[in-house]
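Inspection log for the structure reproduced underneath, given as structure tokens.
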Amino acid sequence: MYYKFSGFTQNLVGAWASHAYSPQGLKPVVSTEAPPIIFATPTKLTSDYPPYDYAGKNKVPELQKFFQKSDGVPIHLKRGLPDQMLYRTTMALTVGGTIYCLIALYMASQPRNK
């Protein structure tokens, strides 16, 4: 009796000699010739294309000068009103969350009246 591993039941099962001596996943080599070309159209080399012209100019040097200017304003508030609104909203949510956590801890520490 010959046995092989069944991928379906994950157990050893009875098998014919031809199946037992050719394990799953290992197939005999049929041919060594190259497979047919799937994409028969010729490919273009990158040197055939013109260099890409970027859509806009590089703003990084201007922004570096803007943010490195010493005017006494913190870096996270340099862009004006939108940064101030974002900062104040974040601070309000942080303070509100801290107060809520402290109230929840106080209520959890008190025994319940029955």
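Where a number appears in this text, it was derived from the coordinates with a stated rule and is not lab data. Computed from a predicted model, the values in this text were never measured in an experiment. FYI the Cβ positions are ideal-geometry reconstructions off the backbone, even for glycines, and counts take in every protein chain you see.
Observations, loosely collected:
- Net charge in the neighbourhood of residue 65 (other residues with Cβ under 13 Å of its Cβ; Lys, Arg +1, Asp, Glu -1) is +1.
- Under 5 Å from the amide H of residue 15 lie the amide H atoms of 2, 3, 4, each residue being 5 or more positions distant or on a separate chain, with H modelled from the backbone and absent for Pro and chain starts.
- Karplus 3J(HN,Hα) series, Hz, for region 70-86 with 6.51 cos²θ - 1.76 cosθ + 1.60 (x for Gly, Pro): 8, 10, x, 9, x, 4, 7, 10, 5, 8, x, 4, x, 5, 5, 5, 5
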